[in-house]
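> Below is a structure I'd like to ask you about.
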Amino acid sequence: MRLALVDELLLLARREQDGRSLVGATEQDCGVAGALLAELALAERVRLVDGRIAVVDPSPLGDPDLDALLERIAADGRPRKAERWVGRLRRDAIRKRRLARLAATGVLEARERKVLGLFPYTDYLVRDPSYGRELRARLGAVLNGAPADDRSTALLAIVHACRLDRKAFPEVNGRVLRRRIKEITEDEWAGRAVAKVIASIQAGVQAATTAAVIAGSAGSSGN
C-alpha cells in the first residue's frame, strides 16, 4: 500500500514506541495542509501562477481529501497564495480523518482514553512499524547524500516547514540537517513549476504555523 504524503508526514510525527506526537497539533495541522497541496502539485493538478495556486487539471485522484481540496480550489473563484490555503485547511479536521484511515488500514491502532478520567480522546499507536521504518530509512539515506526523488524532496520540505525535522531525525547533526534540506529543496527536482509550488507551500506552512503559535501564546497570556 502506497501512502500519501500527508500520511507519511503523520507517521513521521509519531514516536514508534508509544505513538506520542513529536510536534504539537498546530504544527501537524499546518503540515497536513501543506502535504495535501504538495501532493496535488506532484500529481500536476495544481501549479503556481503569478505566485498563487491554480488548478490546471481538475481530474480526481481517488483520495477523498485530495479530491475535495482540488474541487475547493477550483470553485474558489480566483487563485490564492499557498499561505492562505494552509491557514484555511489547518482549521479542518483533516488530521483526525487521516489518522482514522491509517487505523482502519492497520498501520496505526486507535485507542480510546480519558484525560483525568473524564474527557475522552482517541490516541493512535503504531501497529505496523514497517511503514515508518521504511520511510525513515529512505529519508535518512537522502539526508546522508543519496539522490532525492520528487516525493522525498516534497516531504522533507514540509517536515522542515512544520518544525519536525530535528525530532524525526535526531541522529543527524542539526547543522548538517538544515544544510542538506536546503540543498535538496533548492534543486529543480520535479521541474520549475512544481519546485516553485513546493517552495511556496513551505513558506506558507512556516508563516501559518508561526502566526498560529503567536496567536495561541497571546491568547494564553491574556487568561
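Just so it is clear, none of the values below were taken in a lab; they were calculated from the coordinates. Remember, predicted model here, so these are calculated numbers, not experimental data. Note that each Cβ is placed from the backbone with ideal geometry, even for glycine, and that neighbours are counted across all protein chains shown.
> Just one of A75, A35, A41, A82 is small (G, A, S) and surrounded by fewer than 22 Cβ atoms within 10 Å (Cβ to Cβ); which is it?
Values: A35 fails: surrounded by fewer than 22 Cβ atoms within 10 Å (Cβ to Cβ); A41 fails: surrounded by fewer than 22 Cβ atoms within 10 Å (Cβ to Cβ); A82 fails: surrounded by fewer than 22 Cβ atoms within 10 Å (Cβ to Cβ).
Step by step, each of A75, A35, A41, A82 is checked, and only A75 is small (G, A, S) and surrounded by fewer than 22 Cβ atoms within 10 Å (Cβ to Cβ).
> Considering each of D123, D149 in turn, give the residue that is in contact (Cβ under 8 Å) with a residue 24 or more places away in the chain, loosely packed, with under 15 Cβ neighbours inside 10 Å and either out of contact with any helix residue (DSSP H, G or I) (no Cβ under 7 Å at 6 or more places or on another chain) or within 18 Å of V32 (Cβ to Cβ) (or both). Show your work before the answer.
Details: D123 fails: loosely packed, with under 15 Cβ neighbours inside 10 Å.
After applying the criteria, what remains is D149.
> Would you mind telling me which numbered condition in (1) touching a residue at least 40 places away in the same chain (Cβ under 8 Å); (2) within 18 Å of E27 (Cβ to Cβ); (3) surrounded by 15 or more Cβ atoms within 10 Å (Cβ to Cβ) L156 fails?
Answer for L156: the failing condition is (1).
> Just to be sure, is R111 out of contact with any His (no Cβ under 6 Å at 6 or more places or on another chain) and not in a helix (DSSP H, G or I)? Give the steps one after another, and end with the answer.
Values: out of contact with any His (no Cβ under 6 Å at 6 or more places or on another chain): yes; not in a helix (DSSP H, G or I): yes.
Answer is yes for this residue.
> Collect the residues in the stretch 86-115 that are small (G, A, S) and surrounded by 14 or more Cβ atoms within 10 Å (Cβ to Cβ), keeping them in residue-number order. Write out each step before concluding.
Residues of the stretch 86-115 small (G, A, S): 87, 93, 100, 103-104, 106, 110.
Listed by number, the residues that qualify are G87, A100, A103, A110.
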